[in-house]
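Just so you know, all these numbers are worked out from the coordinates, no wet-lab data involved. This is a predicted model, so every value here is computed, not measured. Glycine gets a Cβ as well: all are built from the backbone with ideal geometry, and neighbour counts include every protein chain shown.
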Amino acid sequence: MSDVLDRLIKLAAKKYSADASTIEPDGDVFETLGIDSFQAAELMSELEMEFDVEIPDYELQGVKTFSGLAGVIDKRR
Amino acid sequence: MLHLSRIQSIGEAIRDSIVTFKTNEALIEAERHRENGRWTYRQLRQEAERFAALCQAQGFAAGDRLAIVMQNQSKWIFSGLGAFWAGATLIPIDYKLTASEQLELLAHCKPRVLVTEYSTWLKMQREEGSALERTLVLVTEAPEGAELGQAQRWEQEPGGAFTYTARTREDVACIVYSSGTSGTPKGCMLTHGNYLAQAEILGNLYPLAEDERFFSVLPTNHAIDFMVGFIVPLLCGGGIVHQRTLRPQFLRSTMKKYGITHIALVPTILKNLEKRIKEKLDELPGWQRQAIDGLRRVNELATRKEPNHRLSSTVLRPIHESLGGKLKYIFAGGTFVDRGIADYFYELGIPVVIGYGLTEASTVITVNDLKPFRSDTVGKAVPGVDVEIRDANEAGVGEVWVRGPTVMKGYLDAPELTAEALIDGWLRTGDLGSMDISGHLKLVGRAKNMIVTEGGKNIYPEDIESHFENLPGIEEYSVFAADYIWPRGAMTGEQLLVVLRPEGDWPSDECLEELRQRNRRLPEFKRLSAFVVQTEEFPATASLKIKRGVLAEVLRERKREDAMRALEQG
């Protein structure tokens, strides 16, 4: 597991009180955390701070999994 | 007051407005804390004419179709307005759909021109087969040297002069898809007359002063924002603000920075605002919190008959300032607004204007006129629009029918669907409701097999059935809105379910696992939440088409809680 993916999962799990060890990298972010798209936007804001990147909304269209999200962050670092 | 009775088209109305308000600020585009640009009405005219000339130089003519697939931003407005001035029928398409869904709608409406952002175009190009062979694709903000395929740059020189093209009230102004990317897409054909009637109603009920600003957050392709976040502000001489990210902290900072007065929101964002206000209050010392509670009560008493923005924003200044200090109205689709939240905002002196509408009737059918504010209904019929409750039961609940100048011409290329929806000049909404003595409408459920998501998307169960073909060991299956089978008298928390007829008594683990996996691949709002096992053969027509209505009746005899099994818990 990449460093970005690992940190992403830990942060998301902490924010939404999920067990990080049960989160699958290819799991659906919305489904796994039980969040809607607006909460996902909040999560993205925290991830941007954590990784010190700025990710335009259009890059997130169609991204559903934790690994997909990590890939988008990685590209911007 | 807006008087549009002598005006023939949206384009003409905004052209007149530009003459009147030429030096006013029309548009601001923000990107996080940065400002990408701001335009006066005169500059807006130049941008829209440049875009119209670009289309016309390539043969675009009156009645040709032009589709826009873009996030909310300045170029959406320039293109939309330019399209009207070039005589286009405009097709605003949801940028949140997947590329293949967008292409299906584009294949249905066959636009002459498509305007889209570079990132969206990249995704469309990855899809197999193209619905766009004969379409001129104009792409915004493509990086230098980017490979665009058949597309051209939106920003290129027009290469010709602009000629204003007049339209009439009877001409179709927009085709707006109310649902469906499979099956038969429902493209509502709305005329210039429909929009002008709606704009006049809303512009007079909730006008923007020339120094007021509407924050366009909901997608502009959506009927609500198209009307109150594009057309109405420009007819009133007010300003439109776009923020190119929907991150909550930037929505709040934009409201403050630009002194937003009007905004349309979905319930989730409304909840977030409420949460933030409550958090801010919790940070205050106890005596200040008590003081604010007291002031809330004073405000509530003083505004019981109607809102008074000046009074409320003075009495409750710290709270109003946390939202920019100038916010006068929040618009929200009534079905999903939590009453408690609407009441909370009203006590703070910020009315949540609750309305009810269908794309088929332009924007709103009923709306709360705030005299007085009520959170328990979706308001009264707007002026000029008739609302009737038909086939009412003893409790007064029946199907809502609508007639008036805002009702669409019909669905594009779907005469059968049109004939089902429009009967003798009346629109059947498929929603169930009752009317109280003061003319306020209350909605209680749906008469048709469909759900509406909080984001305003109509989901027809038939449209997702194809995702569940050939499940192992399943003889027959059918997807339903749970409330259609078992009405609950509520319009929130709607669920979809699949009825399965397995080979044996119960679907195999393999089948259920496959069902779950396919379900997870669907967009969040289309997912099933439960399954129902039905071992008897489904009632069917001679041509073996499942009789949904009859099957629903059969299932209704069972208890909802006994029949439905949660999909994710097996």
Per DSSP H run of n ≥ 4, the term is -39500 (n - 2.57); total these for chain B, divide by its residue number, and report the mean residue ellipticity at 222 nm rounded to 500 deg cm²/dmol. -9500 deg cm²/dmol
Please list the non-local residues whose amide H lies under 5 Å from the amide H of B:R244, H modeled 1.01 Å from N, same-chain partners needing a gap of 5 or more. B:A30, B:E31, B:R32
Considering only DSSP beta bridges with both partners in the stretch B:441-570, what is the antiparallel share in %, to the nearest 5? 75
Ranking B:W287, B:W486 by Cβ neighbours within 10 Å, fewest first, what do you get? B:W287, B:W486
Taking the Cβ-Cβ separation of B:E321 and B:L284 as r and a Förster radius of 22 Å, what is the calculated FRET efficiency to the nearest 0.05? 0.95
DSSP bridge orientation in chain B - percent antiparallel, rounded to nearest 5: 55
What net charge do the residues around B:Q73 carry, taking every other residue with its C-beta under 14 Å from that of B:Q73, with Lys and Arg at +1 and Asp and Glu at -1? -4
Separation of the A:D57 and B:H33 label points, Cα + 7 Å toward Cβ, nm: 2.0
Specify which residue in the list B:V364, B:V387, B:S375 is farthest towards the positive end of the charge dipole of the stretch B:265-446, using unit charges on the beta carbon of Lys, Arg (+1) and Asp, Glu (-1), about the Cα centre. B:S375
On a full-extension model of 0.36 nm per residue, what is the gain between B:R276 and B:A395, subtracting their alpha-carbon distance, rounded to one decimal in nm? 38.8 nm
Ignoring solvent entirely, what values of log10 I(q)/I(0) come out of the Debye formula for the stretch A:3-76 at 0.14, 0.16, 0.20, 0.26 Å⁻¹ when each Cα is a single scatterer? -0.36, -0.47, -0.78, -1.47
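Quick check on chain A: helices-only [θ] at 222 nm, where DSSP H runs of length 4 and up contribute -39,500 (n - 2.57) each and the sum goes over total residues. Nearest 500, please.
Calculated from helices alone, the mean residue ellipticity at 222 nm is -17500 deg cm²/dmol.
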Å³ per residue of the Cα convex hull, for the stretch B:253-299? 108
Under a no-solvent Debye model with one identical scatterer per Cα of the stretch B:347-496, what's log10 I(q)/I(0) at q = 0.11, 0.15, 0.20 Å⁻¹? -0.49, -0.86, -1.36
What list of whole percents do you get for P(r) of chain B, with Cα-Cα distances grouped in 20 Å bins up to the one holding the largest distance? 20, 52, 27, 2
So for the stretch B:417-490, what percent of the C-alpha to C-alpha distances run longer than 15 Å? 68
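For the protein assembly as shown, what is the charge dipole size about the Cα centre, in debye to the nearest 20, if Lys and Arg each add +1 at the Cβ and Asp and Glu each add -1 at the Cβ?
Once rounded to the nearest 20, the dipole reads 2280 debye.
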Just the Kirkwood number for the protein assembly as shown, please: inverse of mean 1/r across all distinct Cα pairs, in Å, one decimal. 26.2
Listed here are the pairs B:K278/B:K328; A:K10/B:K526; B:K96/B:K547; which of them are more than 26 Å apart at the Cα? A:K10/B:K526; B:K96/B:K547
Mean Kyte-Doolittle hydropathy of 1.6 or higher plus an axial Cα length of 30 Å or more: which whole DSSP H helices in chain B meet both? none
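Restricting the count to DSSP beta bridges whose residues both fall in the protein assembly as shown, what percent are antiparallel, rounded to a multiple of 5?
DSSP beta bridges in the protein assembly as shown are roughly 55 percent antiparallel.
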Summed side-chain charge close to B:D483 - residues other than B:D483 whose Cβ falls under 11 Å, Lys, Arg +1, Asp, Glu -1: +3
In peptide A:54-62, what is the residue-averaged number of other protein chain Cβ atoms found within 10 Å of each Cβ? 5
Listed residues B:C174, B:G159, B:P143: farthest to the positive end of the dipole of the stretch B:121-176 (Cβ charges): B:C174
What are the ³J(HN,Hα) values, in whole Hz, obtained from phi via the Karplus relation 6.51 cos²θ - 1.76 cosθ + 1.60 with θ = phi - 60°, for each residue of the stretch A:21-34 in sequence order, with x given for Gly and Pro? 5, 9, 7, 8, x, 8, x, 6, 4, 5, 5, 5, 8, x
Quotient of C-alpha Rg and 2.2 N^0.38 Å, computed over the stretch B:265-446: 1.22
How high is the relative contact order of chain B, in percent, with contacts defined as C-alpha pairs under 8 Å that are six or more residues apart? 10
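Hey, got the average number of other protein chain Cβ atoms within 10 angstrom for residues in A:35-42?
6
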Taking Rh as the Kirkwood radius computed over C-alpha pairs, what is the Stokes-Einstein D of the stretch B:314-403 at 10 °C in a medium of viscosity 1.306 mPa s, expressed in µm² per second? 109
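At a Förster distance of 25 Å, what's the computed FRET efficiency of A:E31 paired with B:S508, Cβ-Cβ distance as r, to 0.05? It would help to have the intermediate numbers written out before the result.
On the way: r = 23 Å, r/R0 = 0.91.
Computed FRET efficiency for A:E31 and B:S508: 0.65.
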Under unit Cβ charges (Lys, Arg +1; Asp, Glu -1), what dipole magnitude, rounded to 20 debye, does the stretch A:3-76 have relative to its Cα centre? 100
Treating only the Cβ atoms of Lys and Arg (+1) and Asp and Glu (-1) as charged, compute the dipole magnitude of chain B about its Cα centre; round to the nearest 20 debye. 2060
Could you compute how fast the stretch B:452-566 diffuses translationally, taking Rh as the Kirkwood radius over C-alpha pairs and applying Stokes-Einstein at 37 °C with viscosity 0.692 mPa s? Give it in µm² per second. 225
Suppose the chain between B:K448 and B:W426 were pulled fully straight at 0.36 nm per residue; how much longer would it get relative to their current alpha carbon spacing? 6.2 nm
